[in-house]
1. Please report, as a whole percent, how much of the solvent-accessible surface of the chain comes from carbon and sulfur atoms (probe radius 1.4 Å).
2. A 28 angstrom limit on the alpha carbon distance is what I want to check against. Which of K65/K90; K29/K90; K90/K113 exceed it?
3. With every protein chain kept in place and ligands, DNA and RNA left out, what is the accessible area per residue of the chain? Probe 1.4 Å, answer in Å².
4. Quote to one decimal, in nm, the extra length available between F62 and R116 on full extension: 0.36 nm per residue of separation minus the C-alpha distance between them.
5. Before anything else, pin down the relative contact order of the chain: Cα pairs under 8 Å, at least 6 apart, normalised by residue count, whole percent.
6. Considering the dipole of the range 1-96 built from charges on the beta carbon (Lys and Arg +1, Asp and Glu -1) around the Cα centre, which of F78, P43, I61 is farthest to its positive end?
Amino acid sequence: MKVQKIIYWIATVLICGIMLYSASMYFTKTEMVRGFYEYLGYPTYLVIPLATAKVLGVIMIFWRKSKWLTEWAYAGFFFDLVLAFTAHYKAGDDVTLTLIAMVGLLLSYFFGKEVRYS
């Protein structure tokens with residue numbers, strides 16, 4: 001169980017750090033991110049709501065008072081990463097960081113079920 005806890009916390013801090021970093025970029029460098037969204041073919045009005053959702057998702061993953069909201073936070077991060085992977089792949093960009101984030105998310109989710117709910 002000790003190894004599972006270590007894997008869970010490393011993966012959770014990794015994915016939450018990535019999400020908070022990207023949210024901070026969305027809030028502080030909004031015009032630059034809007035340019036990326038246009039380049040990738042996404043509507044730019046999603047930038048601020050997505051940044052807000054990422055911050056709320058991180059709060060829910062660490063708070064864990066509601067299993068239902070925690071599941072939705074993980075689901076939201078999963079869909080965000082799948083869409084990011086698809087957009088970057090289709091644009092010919094490097095998808096390595098997206099794959100690392102996806103592995104971190106899956107490790108956090110599955111080990112979190114074992115560590116936190118058992």
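1. Percent of accessible area from carbon and sulfur atoms in the chain: 72.
2. K65/K90; K90/K113
3. Accessible area per residue, the chain: 62 Å².
4. Gain in length upon complete extension: 18.4 nm.
5. After rounding, I find 39 percent.
6. The residue sitting farthest along the positive end of the dipole is I61.
The values are calculated or read from the model by the stated rules, or taken from the named source; none is laboratory data. Values in this document were obtained by computation on a predicted structure and should not be read as measured data. As a convention, Cβ positions derive from the backbone with ideal geometry for all residues, glycine included, and neighbour counts pool all protein chains shown. Please note that ligands, DNA and RNA were not included when accessible areas were found on the heavy atoms of the full protein model with its side chains. Shrake-Rupley method; radii C 1.70, N 1.55, O 1.52, S 1.80 Å.
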